[in-house]
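The values are calculated or read from the model by the stated rules, or taken from the named source; none is laboratory data. Everything numeric here is computed off the predicted structure, so don't read it as measured data. Reconstructed Cβ throughout: ideal geometry from the backbone, glycine too, with neighbour counts over all protein chains shown.
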Amino acid sequence: MKNRSLYPSLTISILLTLLLLIPGSFTLACRQEQKAQQPAAEIKLPPPSLTGKLSVEEAIKARRTIRSFQPQPLTVSQVSQLLWASQGITGGRDNLRAVPSAGALDPIEMYLVVGDKGVEGLEAGIYHYLPKPHSVEVVTKGDSRDKVVDGALGQRWIGAAPIVMIVTADYARTTVKYKERGIRYVHIEVGHVGQNLFLQAEAIGLGAGIVGAYSDEQIAKVLGLPSELTPLLIMPVGYKK
Ligand SMILES: Cc1cc2nc3c(=O)[nH]c(=O)nc-3n(C[C@H](O)[C@H](O)[C@H](O)COP(=O)(O)O)c2cc1C
């Protein structure tokens, strides 16, 4: 008798547990399915040009920090050229990049913020550069330049640039081999990207600014960065005013 009276309460507990677990696993399965169904949209960029009209010397001479831009939109080809100069693959078989990297560990990831009518043929949004296929993947849609301005201590001039390029890095990719000194190496590499962007912008008739005064946390949030990436340099680019 005693044992029999246990069964109804056991059955009720099992039913209650199932009721609690099933909706949870159903939601999880749905989310996973949604993720699987919606891979980040990838946009192939046109190949970069390997010749230019300005000499390196002329580009070095002309380079200045530009803080005033025309509203004129850029072309996808110009965006392609800038991303290639920052992290593009130039080294054939070994996939070496446009800038040197300690141990060829490539800790840098490039992000691109496109404003409304900032680039012909590219919607306003945040994009992540994929060097191997030379394409960008969509991170979020919409114009986030105001949020970048807020994150950069209200430097309003940034918001007038049609595009804002943000250099981020994963320190661990380099410190795993070079320990503490790897931090220095990552910063040196970011400097190379900065100068390449300055010179490439000049060479295609554009100007670039450079911004180090910003909140890492705010900019990481605007870009939706994974926790391993730190934003290390902001460079607004456009036609000079
Ligand atoms: C690491 C770094 C951070 C900088 N941060 C800012 C910034 O937050 N805002 C700004 O207006 N300029 C910034 N600048 C630009 C400098 O003010 C500029 O390079 C300097 O005035 C020299 O001018 P030039 O670049 O035209 O030669 C930064 C430059 C560097 C190298």
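Per-residue answers, yes or no, for (1) part of a loop (DSSP other than H, G, I, E, B); (2) within 16 Å of the ligand (Cβ to nearest atom):
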{"residue": "ARG93", "(1), (2)": "no, no"}
{"residue": "MET110", "(1), (2)": "no, no"}
{"residue": "LYS132", "(1), (2)": "yes, no"}
{"residue": "THR140", "(1), (2)": "no, no"}
{"residue": "GLY154", "(1), (2)": "yes, yes"}
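Of the residues making up the range 169-183, those that are outside any helix (DSSP H, G or I), on the phi < 0 side of the Ramachandran plot and away from the ligand (no atom under 16 Å from the Cβ) number 3. Only one entry in LEU83, LEU50 is closer than 29 Å to GLY121 by Cβ, out of contact with any helix residue (DSSP H, G or I) (no Cβ under 6 Å at 6 or more places or on another chain), modelled with pLDDT of 90 or more and exposed (fewer than 10 other Cβ atoms within 10 Å of the Cβ), namely LEU50.
Residues are listed down the side, and each one gets a yes or a no for (1) within 16 Å of the ligand (Cβ to nearest atom); (2) over 21 Å from VAL164 (Cα atoms):
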residue	(1), (2)
THR51	no, yes
ALA62	yes, no
ARG67	yes, no
GLN72	no, no
VAL76	no, no
TRP84	no, no
GLY121	no, no
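Scanning the range 171-182 for residues that are of a type in the set (Ser, Thr, Tyr), at pLDDT 95 or above, farther than 14 Å from VAL222 by Cα and out of contact with any Phe, Trp or Tyr (no Cβ under 8 Å at 6 or more places or on another chain) turns up at least one hit.
The criterion of being in a strand (DSSP E or B), under 13 Å from TYR111 (Cβ atoms) and within 12 Å of the ligand (Cβ to nearest atom) does not hold for ILE166. Considering the range 104-131, and only residues there that are over 15 Å from the mean Cα position of the chain (by Cα) and on the phi < 0 side of the Ramachandran plot, the residue that is surrounded by the fewest Cβ atoms within 10 Å (Cβ to Cβ) turns out to be ASP116. Residues in the range 200-211 that are surrounded by 19 or more Cβ atoms within 10 Å (Cβ to Cβ) and closer than 20 Å to GLN81 by Cβ: GLN200, ALA201, GLU202, ALA203, ILE204, LEU206, GLY207, ALA208, GLY209.
The set of residues in the range 184-241 being outside any helix (DSSP H, G or I), more than 12 Å from the ligand (Cβ to nearest atom) and either of a type in the set (Ser, Thr, Tyr) or closer than 17 Å to ALA169 by Cβ (or both) consists of GLY224, LEU225, PRO226, SER227, GLU228, LEU229, THR230, PRO231, TYR239.
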